[in-house]
1. Determine whether residue 110 is charged (D, E, K, R), closer than 22 Å to residue 160 by Cβ and in a loop (DSSP other than H, G, I, E, B).
2. Among the residues of segment 1-15, how many are touching a residue at least 24 places away in the same chain (Cβ under 8 Å) and either more than 17 Å from residue 62 (Cβ to Cβ) or loosely packed, with under 15 Cβ neighbours inside 10 Å (or both)?
3. For segment 147-200, list the strands (runs of 3 or more DSSP E) that sit wholly inside it and hold at least 3 residues that are in contact with a Lys or Arg (Cβ under 9 Å, 6 or more places away or on another chain); which are they?
4. Would you confirm whether any residue within segment 183-193 is among the acidic types (Asp, Glu), in contact with a strand residue (DSSP E or B) (Cβ under 8 Å, 6 or more places away or on another chain) and closer than 22 Å to residue 77 by Cβ?
5. Kindly list the number of the only condition in (1) more than 21 Å from residue 17 (Cα to Cα); (2) within 14 Å of the chain's Cα centre (by Cα) that fails for residue 50.
6. For segment 30-43, state whether one or more residues are surrounded by 15 or more Cβ atoms within 10 Å (Cβ to Cβ) and within 14 Å of the chain's Cα centre (by Cα).
7. Applying the selection to segment 128-144, what residues are surrounded by 15 or more Cβ atoms within 10 Å (Cβ to Cβ) and either at pLDDT below 95 or under 16 Å from residue 157 (Cα atoms) (or both)?
8. Among the residues that make up segment 92-105, is at least one of them aromatic (Phe, Trp, Tyr), over 15 Å from the mean Cα position of the chain (by Cα), crowded, with 21+ Cβ neighbours inside 10 Å and closer than 18 Å to residue 53 by Cβ?
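The values are calculated or read from the model by the stated rules, or taken from the named source; none is laboratory data. These numbers come from a predicted model, not from an experiment. A quick note on method: Cβ atoms are made from the backbone with ideal geometry, for glycine too, and the neighbour counts reach across all protein chains shown.
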Amino acid sequence: MSLSNPKIVELDFGMGNIRSLQKAFEHQGQPVEVIQDPEKISSADAVILPGDGAFGKAIEELKSRGFFDAVVNFYKTGKPILGICIGFQILFSESEEFGNTTGFSFLPGKITRFENKNLLVPHIGWTKTRWNKESKLTNNIPSDSFFYYVHSYRLNGTHENSVGLTEYGGEFTSVIEKDNLFATQFHPEKSQKWGLKILDNFINIVKN
């Protein structure tokens, strides 16, 4: 069954880039409701986890605002979840940022800091991203396209659920897709044509 007008909600848990992401979806013709009430998650067709900032702070804010358990329950429904930047990282088991912090643990993996001392950290700017598997999220986007990144921590190496990889002082996983989980380390809302196509693909995933 396809949805002609899906209800997509974006969680406002105090971690930034909320409005720019909402506007990017609106540009693609899809309204997105920014919510601060966790009870609204249960009636949604899809949830967006956005955010800039630190892993531990994100988890702390999600828990203090009642979002954490609501997202866990939503995940169990099998409906789509899209994580962006810090929203990508918190899907994994843990991060070493400011001491070890446990994430949602929907996917195994530890987020670690860039180690190469010759690198500029944070990693900021346009970086080539290649697809290592076919996926719904990257459908009809050329491999080796450029996307916009802002981060100091990453998921090092090739994760078992990676569909996109990026080279910056070594290869790291930048796009994942597994069942109802979709996520990008880069900011699609800041990545112009192909970033908007990522959002468009997610809209189609939700509708279908």
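1. It is false that residue 110 is charged (D, E, K, R), closer than 22 Å to residue 160 by Cβ and in a loop (DSSP other than H, G, I, E, B).
2. Our first condition is that a residue be touching a residue at least 24 places away in the same chain (Cβ under 8 Å); within segment 1-15, this holds for 2-4, 6-15.
Next, only the ones that are either more than 17 Å from residue 62 (Cβ to Cβ) or loosely packed, with under 15 Cβ neighbours inside 10 Å (or both) stay: 2-4, 6-8.
Number of matching residues: 6.
3. Values: elements: 153-156, 162-167, 171-178, 181-184.
Once the strands (runs of 3 or more DSSP E) in segment 147-200 are filtered for at least 3 residues that are in contact with a Lys or Arg (Cβ under 9 Å, 6 or more places away or on another chain), what remains is 153-156, 162-167, 171-178.
4. Taking segment 183-193 and keeping what is among the acidic types (Asp, Glu), we get 189.
Adding the requirement that they be in contact with a strand residue (DSSP E or B) (Cβ under 8 Å, 6 or more places away or on another chain) leaves 189.
Checking the rest, the ones that are also closer than 22 Å to residue 77 by Cβ come to none.
There is no residue in segment 183-193 that is among the acidic types (Asp, Glu), in contact with a strand residue (DSSP E or B) (Cβ under 8 Å, 6 or more places away or on another chain) and closer than 22 Å to residue 77 by Cβ.
5. Of the numbered conditions (1) more than 21 Å from residue 17 (Cα to Cα); (2) within 14 Å of the chain's Cα centre (by Cα), the odd one out for residue 50 is (1).
6. Checked against the condition, which is being surrounded by 15 or more Cβ atoms within 10 Å (Cβ to Cβ) and within 14 Å of the chain's Cα centre (by Cα), segment 30-43 yields no hits at all.
7. First pass over segment 128-144, keeping only residues surrounded by 15 or more Cβ atoms within 10 Å (Cβ to Cβ): 129-132, 135, 137-138, 141.
Those that are surrounded by 15 or more Cβ atoms within 10 Å (Cβ to Cβ) and either at pLDDT below 95 or under 16 Å from residue 157 (Cα atoms) (or both): 129, 130, 131, 132.
8. Filtering segment 92-105 for residues aromatic (Phe, Trp, Tyr) gives 92, 98, 104.
Next, only the ones that are over 15 Å from the mean Cα position of the chain (by Cα) stay: 98.
Filter once more, so that each one left must be crowded, with 21+ Cβ neighbours inside 10 Å: none.
Within segment 92-105, not a single residue is aromatic (Phe, Trp, Tyr), over 15 Å from the mean Cα position of the chain (by Cα), crowded, with 21+ Cβ neighbours inside 10 Å and closer than 18 Å to residue 53 by Cβ.
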